[in-house]
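What follows is a set of notes on a single structure, which appears directly below.
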Amino acid sequence: MCRQSINAIGRTLEVEGWECLKLGENVPLDTMAQMVEQEPVNLVCVASSKQQEVSSLEHFYSLYEVCHSYRIPVILIGSGFAESSHRSQLPHDGYLSNFRLLREYVANLNR
């Protein structure tokens, strides 16, 4: 996902009072899993602006398993996950197609 979208996601979280750790563009899923192990996080967002084949479902499952071992939700964000057939291949706790939905989701987590 482009840097502007990543910054928008980070800003949305920050407006809601969250600290945001933005790893950047094209971060490998296994690297994200390592960060979850090393950093105290409360939410993991995987964003994509275009549908791509997930080259290694194993890495996505690893990320999901690490997150769930700490009870951290994994949210898919962006048009790259719009196809339900694509999302159904990936373990996740929710799909948000835009930043407004992200803000509503995070606001509900804060309650």
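The values are calculated or read from the model by the stated rules, or taken from the named source; none is laboratory data. Note that the structure is predicted; figures quoted are calculated from it, not measured. Methodologically, a virtual Cβ is constructed for each residue, glycine included, from the backbone with ideal geometry; neighbour enumeration extends over all protein chains shown. Ligands, DNA and RNA are excluded from the accessible area calculation, which covers all protein heavy atoms including side chains. Shrake-Rupley method; radii C 1.70, N 1.55, O 1.52, S 1.80 Å.
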With the requirement that a residue be over 13 Å from the mean Cα position of the chain (by Cα), farther than 13 Å from SER48 by Cβ and among the charged types (D, E, K, R), what does region 58-111 give you? GLU58, GLU65, ARG71, ARG100, ARG103, GLU104, ARG111
Criterion violated by ASN42 - all others in (1) assigned to a helix (DSSP H, G or I); (2) open to solvent by 80 Å² or more (accessible area, probe 1.4 Å); (3) in contact (Cβ under 8 Å) with a residue 24 or more places away in the chain; (4) not acidic (Asp, Glu) satisfied: (1)
Hey, among the residues in region 2-19 that are over 15 Å from TYR105 (Cα atoms) and either among the charged types (D, E, K, R) or open to solvent by 40 Å² or more (accessible area, probe 1.4 Å) (or both), which one's modelled with the lowest pLDDT? CYS2
Residues of region 101-111 that turn out to be assigned to a helix (DSSP H, G or I) and open to solvent by 70 Å² or more (accessible area, probe 1.4 Å), as a count: 5
For the structure I just gave you, tell me whether GLN52 is at pLDDT 85 or above and in a loop (DSSP other than H, G, I, E, B). no
If ILE77 passes every condition in (1) under 18 Å from GLU16 (Cβ atoms); (2) surrounded by fewer than 16 Cβ atoms within 10 Å (Cβ to Cβ) but one, which one does it miss? (2)
When you scan region 80-100, how many residues do you find that are open to solvent by 50 Å² or more (accessible area, probe 1.4 Å) and assigned to a helix (DSSP H, G or I)? 4
Can you pull out every residue in region 20-39 that is small (Gly, Ala, Ser) and surrounded by fewer than 16 Cβ atoms within 10 Å (Cβ to Cβ)? GLY24
List the pairs whose first member sits in region 75-88 and is under 23 Å from ASN42 (Cα atoms), whose second member is open to solvent by 70 Å² or more (accessible area, probe 1.4 Å) and assigned to a helix (DSSP H, G or I), and whose Cβ atoms are under 9 Å apart, counting only residues at least 6 apart or on separate chains? ILE77/PHE99
